Amino acid sequence: MTDPIPADRRARMVERSRATRQRVRDKAIALMRVMRDGGATNQVIADLTGYSPTTVKRYLR
């Protein structure tokens, strides 16, 4: 059996993955804003990014 990961190290790993997800989301939102400024509809943005139209709408509010 493998050794369990120490709590402090696990906390750092979780924190890092959360930060990565946050950065990815920020980039996605920035991209959506650019597309909307270019005249794309929420549906088109959703199709291109793979997010659902409701998510796109929520992010662009």
#### Entry: Heavy-atom accessible area per residue - the chain, 1.4 Å, Å²
82
## Note on the structure
Taking the square root of 5λ for each eigenvalue of the C-alpha gyration tensor of the chain, the equivalent ellipsoid has semi-axes, largest first and in whole angstrom, of 35, 11, 8
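The values are calculated or read from the model by the stated rules, or taken from the named source; none is laboratory data. Quick caveat, the model's predicted, so the values are computed rather than measured. The protein model used for the area step is the full one, side chains on, heavy atoms only, and it has no ligands, DNA or RNA in it. Shrake-Rupley method; radii C 1.70, N 1.55, O 1.52, S 1.80 Å.
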